Every structure is written in structure tokens, then in C-alpha cells.
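The values are calculated or read from the model by the stated rules, or taken from the named source; none is laboratory data. Keep in mind it's a predicted model, so treat the numbers as computed, not measured. So basically every Cβ, Gly included, is an ideal-geometry build from the backbone, and we count neighbours across all protein chains shown. Note: areas computed on protein heavy atoms with side chains; ligands, DNA, RNA excluded. Shrake-Rupley method; radii C 1.70, N 1.55, O 1.52, S 1.80 Å.
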Amino acid sequence: MAAKTSSSTKIQTNSRRTAADVGFPTGLHIQIDRSGALGIRAQLEAALREAIQQSRLQPGATLPPSRTLAIELGIARSVVVEAYGQLAAEGYLEAFQGSGTRVRRRDVRTPSRAPALTQPAMNMAFTTGLPDPAFFPRKEWLRAYRAAVDESSATALGFPDPQGRVELRVALGDYLARVRSVRSSPEQVVICNGISQALMVVCRALHARGTERIAVEDPCFALHRRLIAACGMQPVSIPVDEHGLVISRVREARVDAVLVAPAHSYPSGAVLSPARRVELAEWATRQDALIVEDDYDAEFRFDRTPVGALQGLAPENVVYAGSVSKVLNPSLRLGWMVAPQRLVRDLIGAKLLYDMATESLGQLALAKFIEAGSLARHIRRVRPRYRARRDLLLLALAKRAPELKLLGAMAGLHLFLPLPNGVRERDVILAAKEDGLRVEGAARHWAEPASAPPAVLVGYGVLGEGTLDADVDALVSAIRGT
Ligand SMILES: Cc1ncc(COP(=O)(O)O)c(C=O)c1O
């Protein structure tokens, strides 16, 4: 447990290069309360956010270097770096190479009086599904994007091709073959705005061909069930056990298509076993059915090299869908499908009618980013950092609450935590919320949330290493009702 002390630090003290030296407003106080459940990083973020919203920190104001502020507040530098990164990701701050971090200059009015912003900031330590915005490779992305803009031809600046830029389709084909063992030609690749849109486009195309029912994992990412229904199709729930989707139930379900995340089912974290991968591929081939493979976070496999995509086993019966949302950042809205040739025309048609096309410059930037090896390098850089966060989290939970069983730790950016007998998901969420900690329940990802086994999801993508102990204390207290 953190020591029960509370300190107020005026950012105007005495180290070699003080905050005042670097132009930080002299009257600003940051209160760090070391006794509370709210982590230090969350407190620092909230204090800076509020100062910006209330214009105590003016647009353009320079913040002290992370080292200076860390010394003055008596906290780890990494906490300051992460807080700056978070606020930069939220649009409050901007970082300049060589001249530090400043309050973003806005050409729109700062929404200082908006009620949502006056709510106490929630600690997002266990947010699921989000890669750390502080890891986003800004410089490399900017380089790729600038080159894309500089070099873009007249056709690149015309109306985009609904299938996507050929440069990106070629780059992806090579990359996916190398990293995910996906078999494709550029003609089979269709670019879209993320996996969720890929699913929407596939469902629209299938529905137009008369397909009514698609099997989905139960539990599965809740939004996908809604997307399927919104396309006029019926999601048919198939249970997931510790070996992944139960294929015998798919066979019984009389469906022509199935949506599955074989590398890391969401939210349970189950990995489809080798035997079931083969079983599923054989079923699809025999039935001439379609597998929609959601490959959202397969690059983050920690105990071994990621298993290749299912698509490699049955390329004629799989639409493989991937995106940069987990490996890079979800704000980019860039994703892809690799489809059997016989479906490509329908998918392009559905994409055209849906939103005409994905914008071109982002695609060209991603093509350059991949060709330069930046995507592979980025994944090599962040994978050990996420693994370290996962290990720290597992250790902290095992130390404080050895009775808790955690699932899905092999891959991804979250753990699945079934709650002990008699503990209700809703109570845990509310108790955590009272402590300022946002925890996501798992029930909504089941077809029947009311009868879902109580569980919560514990993300570690944005987990602050410096505040981990306090965050885990708060989570365990919420579960134990203490
Ligand atoms: C299982 C799963 N698939 C797909 C997605 C969505 O990915 P995208 O941002 O590419 O639409 C998510 C988002 O969190 C997810 O959890």
C-alpha cells in the first residue's frame, strides 16, 4: 500500500532547472494525495486537465520537462511522461521535438464550462482494448504521412478507389504473408476503416446474396453483434470454452457464415486450439461456408510467436480482417480485408455504397510506414513493454488476491477476471467508480447479459506502471467490497 501522506506542490521550486525557469505559471498548485485510491498519474492528469480547462494554463504555455516536474512532485519521471502522453492524446498538450511540451493552441474555444469536463476525471488504468497513446510512433508516422503527401500523384488526390490504394494493398500483402501467414494477391485486398467496418461490409454483401444467419462467439465483442443485426442478419450465438469456439455447435447451427477471433477471442481471451482450427477450416470447406476471421490483436502474443492466421488454412473460405487499431492506434481508422476472389467484387460494391471509399492519404502513409519497416519495428518495440505490464499486473494481483483466477493472459491487452462466487459485476463496477476507477464489466458481451457469469475485464494497454499498486488495491477492494 502506498504511504498515507498527502502533499501539495507548488511548481516553483529549486532544482537545477526549475518549473519556473521553463515558464510554468507560478501560481499553479498540483496536489498529490498519496493516500487515495486515485493513482498518482490520474491525479496529475486531472490537475493539468483542469488547469487547462479553466485557462489557468494558457494555450501555448510550456510545461516543465518531465524530469523537472517529477523531481518537484517527488514522483517517478515515467508517471509524468505517461500523463503528458495521455493529455497529448486527448488533445490538451502537444509535444515538440527539442522544445518540450506545451498546452495546445486551439483555434476552437476551449470547452471550459462543459459539464462533462467538470466531472471528476476517472482513472482509466484498466481500460480495455486501447493501446497506449504514449507509444504512438509520432515521428515515424509523421515522416510516412509527410512523404505520402509530398509524393502523392494527381490520381491519389482524386476520388479514392473503393477497393483502396494499390500501394497499400501490395504492402499489406507482403506484410501479412510474413507476419500472419496470410495468402493473398493485391486483387484480393479491400481497404476499409477498421475491422468493424469490414464486418459491416461483409454482412451487407452476404445479406444481398441471401445469407440470413451468421454464427458468432458467445461471448463476443458486443458491437459486432449489433453491427450484424443492423445489416439485417441474425447473429447465432455459439459458446466459447477454454479451447475457443465450440465447432460442433457451429455444425449444428445451420449457418452459412461464422465470425470468429481465433487468435484471441474477445473478451474471454480463449485461443482456438489447433484441433478446432482444423475442424473449423474443414467445416467451411465442406459446406462452402464463409469464415470471417477477426484478427484484431494477434501480434500481441506473449508466450510464443503468434500463430498464423486461420486464413492460411482455407483461403477460399475465409475473409481475413485486420486493422491498425491495436498495433498502432484506433483513431487512424485503417483496416483491411483479404477475401476469396469470388467475393471481392461484392465487397467492393458494398464498400462503395457504404461510404464510397477510405481516404487516400492515410492509406499511402500506412503503405510507406509498412514498407520502411516501421510497423514491424514498432511492434517489436511495444510487445515487450505490454508483456512487462501484463506481468506486473499478474504479479500484483497474485500478491494481493491469490484467490482470483485470471484468464486470457497469453495474448492481447486485457485479462478476463471471473468474479468470486456471490460477487456481482455491477457492485464491483460501482464500488470501483466510487474510488474513481473505471472498470469494464463483461456481461454486455454475452448474447444474454442477464445470465452471464459475473466477470470484469482488466486492460493493461494504458496501465501506469508507477500507479499500478494503488490501482490494483482499488480493484481488489472493489471486488472484496471493502
Ligand atoms: C474483438 C475486436 N475486434 C475488432 C475490434 C475493432 O477493431 P477496429 O477498430 O479495427 O474496428 C475490436 C475493438 O476493440 C475488438 O475488441
Say whether the condition of being at positive phi and away from the ligand (no atom under 11 Å from the Cβ) is met by at least one residue in region 278-297.
yes
Filter result (small (G, A, S), more than 11 Å from L393 (Cα to Cα) and part of a strand (DSSP E or B)) within region 448-469
A455
Could you look through region 63-82, keep only residues that are buried (at least 17 other Cβ atoms within 10 Å of the Cβ) and outside any helix (DSSP H, G or I), and pick out the one that is nearest to the chain's Cα centre (by Cα)?
A76
Scope region 118-170; condition in a helix (DSSP H, G or I), out of contact with any Asp or Glu (no Cβ under 9 Å at 6 or more places or on another chain) and within 16 Å of the ligand (Cβ to nearest atom); matching residues:
L168
Scanning region 368-384 residue by residue, those in a helix (DSSP H, G or I) and surrounded by fewer than 13 Cβ atoms within 10 Å (Cβ to Cβ) turn out to be R380, R381, P384
Quick check on region 117-137. Is at least one of its residues open to solvent by 20 Å² or more (accessible area, probe 1.4 Å), among the polar types (S, T, N, Q) and farther than 30 Å from G39 by Cα?
no
Condition (residue is away from the ligand (no atom under 16 Å from the Cβ), of a type in the set (S, T, N, Q) and more than 23 Å from the chain's Cα centre (by Cα)) applied to region 310-332: is it met by at least one residue?
yes
Need pairs with beta-carbon distance below 7 Å; first residue more than 15 Å from L290 (Cβ to Cβ) and in a strand (DSSP E or B) and within region 257-269, second open to solvent by less than 10 Å² (accessible area, probe 1.4 Å) and of a type in the set (A, V, I, L, M); sequence gap 6+ or separate chains.
none
Kindly indicate whether any position in region 190-204 is modelled with pLDDT of 95 or more, within 16 Å of the ligand (Cβ to nearest atom), among the small types (G, A, S) and touching a His at 6+ places or on another chain (Cβ under 6 Å).
no
Residue list for region 180-203, restricted to those being open to solvent by 10 Å² or more (accessible area, probe 1.4 Å), touching a Lys or Arg at 6+ places or on another chain (Cβ under 9 Å) and under 18 Å from G349 (Cβ atoms):
E187, Q188, N193, Q197
For region 351-367, enumerate the residues that are within 16 Å of the ligand (Cβ to nearest atom) and either surrounded by fewer than 17 Cβ atoms within 10 Å (Cβ to Cβ) or closer than 27 Å to A284 by Cβ (or both).
K351, Y354, D355, E359
Unique match (being in contact with a Lys or Arg (Cβ under 8 Å, 6 or more places away or on another chain) and within 16 Å of the ligand (Cβ to nearest atom)) among A261, A222, A253
A222
